[in-house]
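Beneath this line is the structure, given in structure tokens, with notes to follow.
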Amino acid sequence: MSKRYPLPFEEEKKLYRAHKLVAVEEGIDVSTSEFMKETATTVVKELLDIAREDSSKFFSAAFNQDIAQIYRQTAFTLELGHFSTSYFIEDPILFDYLLKKEISDYSTVKEFMRNNHMEMFDLKNRKIYVNSFHIRRPNEAVLTYLIFYCPKLNNLSAGVFRGFDGIYIVDIDESMDYQQKKAQIKVNNPSITYDYLDLGFNLIDYLDYYLDAWDYGTPRNIEKKAVDHDAENVVVKADKSVLDKALTIKYDE
């Protein structure tokens, strides 16, 4: 039986296809990068406007529409260009371990950004490394990460969203402890906590340390429509020592 893995940016992609169909009928060239970027921006803004007005997708007063739009349209554009990696995690114990593990050293994340990035420049012409990836689990909403790293400033900033729930932070102050970092975060939905941001960083650490715990490809029996064959897909397996540690922590709790 096929495994159901929800798609990244499912709602955005539906609306994007609708815009694309209208453009084709009007004789507009939809193959250009300009069309993709402009339409991705339009789609994200339309859906964020709808989400903001929909009581079922209520954003709190802390929600910043501008930050949300910048993060989402950047990540969505990278997804449309097949630049986002999907990391499939099937083991719930591994996911829970990565979610609860606090991170204190970001050196592996910075090295990952140096080796796996798209480049852009800020208003002061400083080089910025950008990476977007998804954590995907059976029958669970996709977690999408967008990380920025400025080597000149040695600065990391990141965001994570699950559907229209999301967190966005300006930057990561490595001198802060966990509670301080948690307090300075810009949150638009309390169901997404700082733990989810650390989850993405912990995954990067895990992939770097346990080289035998991941393979390129997709899980067995995954639905065909859930796979972007033009993008990179990675199956993340649970290392036995990590499983033992996770079970011990759970038992102690």
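The values are calculated or read from the model by the stated rules, or taken from the named source; none is laboratory data. All figures in this text were calculated on a predicted structure; none of them were measured in a lab. All Cβ positions, glycine included, derive from the backbone under ideal geometry; neighbour counts span all protein chains shown. To get the accessible areas, we keep the full protein, side chains included, count just its heavy atoms, and leave off ligands, DNA and RNA. Shrake-Rupley method; radii C 1.70, N 1.55, O 1.52, S 1.80 Å.
Pairing each residue of region 75-92 that is free of Cβ contacts under 8 Å to residues at least 60 places away in the same chain with any residue that is open to solvent by 30 Å² or more (accessible area, probe 1.4 Å) and assigned to a helix (DSSP H, G or I), provided the two are 6+ apart or on different chains, yields C-beta distances under 6 Å for THR77/LYS37.
Yes or no, residue by residue, for (1) open to solvent by 50 Å² or more (accessible area, probe 1.4 Å); (2) under 21 Å from the mean Cα position of the chain (by Cα); (3) at pLDDT 80 or above; (4) not assigned by the TED database to the domain that holds GLY159:
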site	(1), (2), (3), (4)
ILE28	yes, no, yes, yes
SER33	yes, no, yes, yes
MET36	no, yes, yes, yes
THR39	no, yes, yes, yes
GLU46	yes, yes, yes, yes
ARG52	yes, yes, no, yes
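Quick one: in region 114-149, of everything that is among the hydrophobic types (A, V, I, L, M, F, W, C) and open to solvent by 10 Å² or more (accessible area, probe 1.4 Å), which residue is modelled with the lowest pLDDT? Among those residues, the one meeting the criterion is LEU123. Annotation: of all residues in region 134-161 being touching an Asp or Glu at 6+ places or on another chain (Cβ under 9 Å) and not in a loop (DSSP other than H, G, I, E, B), the one that is nearest to VAL234 (Cα to Cα) is HIS134. In region 85-108, the residue that is farthest from the chain's Cα centre (by Cα) out of those that are open to solvent by 50 Å² or more (accessible area, probe 1.4 Å) and within 24 Å of TYR216 (Cβ to Cβ) is ILE93.
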